[in-house]
1. So, in nm, how far is label Ala2 from label Val14 when the simple model puts each one 7 Å beyond its Cα toward the Cβ?
2. Over region 1-43, what per residue volume does the convex hull of the Cα atoms give, in whole Å³?
3. Can you give the FRET efficiency for Ser55 and Thr23, using 1/(1 + (r/R0)^6), R0 = 25 Å, r = Cβ-Cβ distance, to the nearest 0.05?
Amino acid sequence: VARIIRRARRHPYVGKVFRQGLTAIRDEILARDPDALPGKTSNHCTFCWYVLSKSIYSLPFSCAKNPRTGRVGLPMVGQPWTPPD
């Protein structure tokens, strides 16, 4: 469990959610583009799904975007990810 939490804290998106909350993610998105989000959501899971699957939140590592589908995805447990050089 400690390793999972340590890795999550270092992740660019998950770490920011841990440290600053989803409001910080929302504020960052809206500062770049006030029309990027369609409106309120009923829960936090939908918010995360939306911003990550629609590539609204820019993840700073190359493995985030699947070249086949164009969708953003986080690595599954056990799959490595590496920040860009």
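1. Taking the simple label geometry, Ala2 and Val14 are separated by 1.8 nm.
2. 76 Å³
3. Efficiency at R0 = 25 Å is approximately 0.80.
The numbers here are math on the coordinates, done by the rules we state, and not lab data. A quick note: this is a predicted structure, and the numbers were derived from the prediction, not measured. Don't worry about glycine lacking a Cβ; one is built from the backbone with ideal geometry, like all the others, and counts go over all protein chains shown.
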